[in-house]
Amino acid sequence: MTPNKKQLHLTAFMRPISLHPGAWRYPGSYPDANFNLKHITSFIQKLESAKFDAFFMADHLAVLNMPVEALKRSHTVTSFEPFTLLSALAMVTDKIGLAATASTTYDEPYHIARRFASLDHISNGRAAWNVVTTGNPETSKNFGQDEHKQHTDRYKRAREFYDVVTGLWDSFADDAFVRDAESGVYVDPAKIHTLNHVGDDLSVRGPLNIARPIQGWPVIVQAGQSEPGKQLAAETAELVFASPPDLKRAKELYADVKSRMSKVGRDRDSLKILPAAMIIVGDTIEEAKAKRLDLDSRVHYDTAINSLSIALGSDASNFDPDGPLPDVIPESNASHTARLGVIALAKEENLTVRQLAQRYGGFAGLAFVGTPQSIADEMAVWLHEEACDGFTVCLPYVPEGLDDVTQRLVPELQRRGLFREDYTGNTLREHLGLPRPENQFFPDQSRWNILESTR
């Protein structure tokens, strides 16, 4: 079938392997999926066979901040460090992108720039950096800090951090390494840039001690939906996986971020918005709904109420379970987006604390629950009404949920021309239709390459 002019991009949210707390208890699931290399290798190879744009790993720098009674039921308590795992997965894949979270609050720009540049070279141009400011306040205690940085301070540092990392990636011109054995010249010193950055939060000399990444810069990913988050995305991101709960708010977010891009001089098409969506497939819509009910039933109330506490940034265990959410909830230093989303959902659907906890104890975000055909119908609406450029797929459980997506939904999308039938490039930028950034310190590099190729 001839493809439509506009097609979906699909990435897979794979760390934790499923965001749903009941996933590891679902019949036929792999309880150790987050920490089993053999399983994860099979997952990414299935996704690559289905032509997904990227395999995406979120990351946490601390055990989730919940009481032990809830923590003991969590399948996310252990998982691999992203760079170690993605480097291994680069060796068993050829095309699929490799995206990882790295914190601008609890790491240093030189570390981040070096790791992602290395991953981009190892994978031949498939790396992506999910820029996060870290919402879990407990993280500070793992890094010798008594207090978690304030929300506005974290985003201020993140903006400067981005400038430093991208500056370090541009330390070398693309043709800096001449490697002339006869003359004995390995690198042209005129094509090395020393950053010498001194800012409000960071001081980094440079240059980076690794060649410019294959993609110029690894793809920049961002998730925030707060005002600072949306502005950071408009200024810096190339892929956003924010989680609006419905079509209306997705369209509002899409229009908001894209309009901000125009104001800062960026092309709207240079950023792809891929909302996170859990997908549950059945032979009928009723069967798919029954699967979700079964999955949700496997979440213990201890986990549910603590998931709600994390989202609110405030202890919800003392709230009346069968009453409404209190009007006054203490302010916190956790994610503002999650907190506001919880409060809005409780009011809109008139939920009790117990009902709200059950929702957040499972999966509170956008979900497509139905047949391959009905889900494809919904996805097409989102794409063509400019609510998204694709989706970040969240699996309900593995391996069945993954097989449902790759072997049942993707073929239906391909049949309709809504998704690629094969990769047309090798790098993640090519998959996403993103340009390779020009080196900011050697701006005539692309022109030099063209001239050299014509001599």
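Carbon and sulfur atoms: what percent of the 1.4 Å accessible area of segment 300-361 do they account for? Could you put the intermediate results ahead of the total?
Numbers: 1640 of 3160 Å².
Its accessible area is 52 percent carbon and sulfur atoms.
Straight distance only, please: which lysines reach the Cα of Lys263 with their own Cα at less than 30 Å, same-chain residues fewer than 8 apart left out?
Correct list for Lys263: Lys5, Lys6, Lys149, Lys156, Lys230, Lys248, Lys251, Lys272.
Rounded if a/c is under 1.5, else prolate if a/b beats b/c, else oblate: with a ≥ b ≥ c from the C-alpha gyration tensor eigenvalues square-rooted, which is segment 300-361? It would help to have the intermediate numbers written out before the result.
Numbers: a/c = 1.42, a/b = 1.16, b/c = 1.22.
Rounded, because the longest to shortest axis ratio a/c is under 1.5.
Within 14 Å, Cβ to Cβ, of Arg212, how many net charges do the neighbouring residues add up to if Lys/Arg are +1 and Asp/Glu are -1? List each step's numbers first, then the result.
On the way: positive: Arg114, Lys191, Arg429, Arg436; negative: Asp120, Asp170, Asp174, Asp175, Asp188, Glu438.
Spelling it out: positives minus negatives among the neighbours equals -2.
Using a 1.4 Å probe, what is the accessible area per residue for the chain, in Å²?
Values: 19890 Å² over 455 residues.
In whole numbers, the chain has 44 Å² accessible per residue.
Leaving out ligands, DNA and RNA, and with a 1.4 Å probe, what % of the accessible surface on segment 148-299 is carbon or sulfur?
Values: 3320 of 6620 Å².
Ligands and nucleic acids excluded, carbon and sulfur give 50 percent.
Kindly list the residues of segment 411-434 that lie in the label zone of Gln373, defined by a backbone N under 18 Å from the point 7 Å along the Cα-to-C-beta vector.
Correct set: 411-418.
For the pair Arg436/Glu138, report the inter-label distance in nm, with labels modelled 7 Å from Cα in the Cβ direction.
4.4
Lys and Arg at +1, Asp and Glu at -1: add these up for the other residues within a Cβ distance under 14 Å of Asp59 and post the number.
Numbers: positive: Arg15, Arg115; negative: Glu81, Asp107.
It works out to a net charge of 0.
Between the helical axis of 109-122 and the dominant principal axis of the chain, each derived from Cα atoms, what acute angle in degrees is found, rounded to the nearest 10?
The two axes meet at around 80 degrees.
At 7 Å along Cα-to-Cβ for each site, give me the label-to-label distance between Asp200 and Val63 in nm.
3.6
Which ³J(HN,Hα) values, rounded to whole Hz and listed in residue order, are derived for segment 282-293 from phi using the Karplus coefficients 6.51, -1.76 and 1.60 in 6.51 cos²θ - 1.76 cosθ + 1.60 with θ = phi - 60°, glycine and proline given as x?
x, 5, 9, 5, 4, 5, 4, 5, 5, 4, 5, 4
Would you kindly derive the ³J(HN,Hα) couplings of segment 264-281 from the backbone phi angles with the Karplus curve 6.51 cos²θ - 1.76 cosθ + 1.60 (θ = phi - 60°), listing them in order in whole Hz, with x for Gly and Pro?
After applying 6.51 cos²θ - 1.76 cosθ + 1.60, I find 9, x, 9, 6, 4, 6, 7, 9, 10, 9, 10, x, 6, 8, 7, 10, 10, 10 Hz.
Quick one: which residues, 5 or more positions from His9 or on another chain, have an amide H under 5 Å from its amide H? H modelled 1.01 Å from N in the peptide plane, none for Pro or chain starts.
Amide H neighbours of His9: Gly390, Phe391.
How far, in nm, would the chain grow between Leu293 and Arg415 when pulled straight, counting 0.36 nm per residue and subtracting the alpha carbon separation?
Numbers: separation 122, 0.36 × 122 = 43.92 nm, distance 2.97 nm.
Full extension from Leu293 to Arg415 adds 40.9 nm.
With every protein chain left in place and a probe of 1.4 Å, what is the accessible surface of Arg408, to the nearest 10 Å²?
In the full protein context, Arg408 sits at about 70 Å².
Report the label-to-label distance for Val92 and Asp175 in nanometres (one decimal), using points 7 Å from each Cα along the Cα→Cβ vector.
Calculated label separation equals 4.1 nm.
Please report how far the C-alpha centroid of segment 69-86 lies from that of segment 267-341, rounded to the nearest whole angstrom.
19
Can you sort Tyr397, Tyr301 by 1.4 Å-probe accessible area, starting with the largest? Please list the in-between numbers first.
Details: Tyr397 5, Tyr301 75 Å².
I get Tyr301, Tyr397, largest accessible area first.
Given a 1.4 Å probe and the protein chains all in place, what does the accessible area of Ile279 round to, in Å² to the nearest 10?
Approximately 0 Å² for this residue.
Give me the net charge for the shell around Ala367: Cβ to Cβ below 12 angstrom, other residues only, Lys and Arg +1, Asp and Glu -1. Spell out each step's value before the answer.
Numbers: positive: Lys289, Lys291, Arg292, Arg359; negative: Asp246, Asp296, Glu378.
Spelling it out: positives minus negatives among the neighbours equals +1.
Work out from phi, with θ = phi - 60° and the Karplus expression 6.51 cos²θ - 1.76 cosθ + 1.60, the ³J(HN,Hα) of each residue of segment 139-149, listed in order in whole Hz, and give x for Gly and Pro.
4, 3, 6, 7, 10, x, 10, 6, 10, 6, 4
When all protein chains stay in place, what accessible area (Å², nearest 10, 1.4 Å probe) is found for His148?
20
So what's the back-of-envelope 222 nm ellipticity for the chain, counting only DSSP H runs of four-plus at -39500 (n - 2.57) apiece and dividing by all residues, rounded to 500? Can you show the working numbers first?
Numbers: 16 runs with 172 residues, N = 455.
Only helices count here, giving -11500 deg cm²/dmol.
The values are calculated or read from the model by the stated rules, or taken from the named source; none is laboratory data. These figures come from a predicted structure and were not determined experimentally. Every residue, glycine as well, gets a Cβ built from its backbone with ideal geometry; the counts of neighbours run over all protein chains shown. When the accessible area is computed, the model is the full protein with side chains, heavy atoms only, and any ligands, DNA or RNA have been set aside. Shrake-Rupley method; radii C 1.70, N 1.55, O 1.52, S 1.80 Å.
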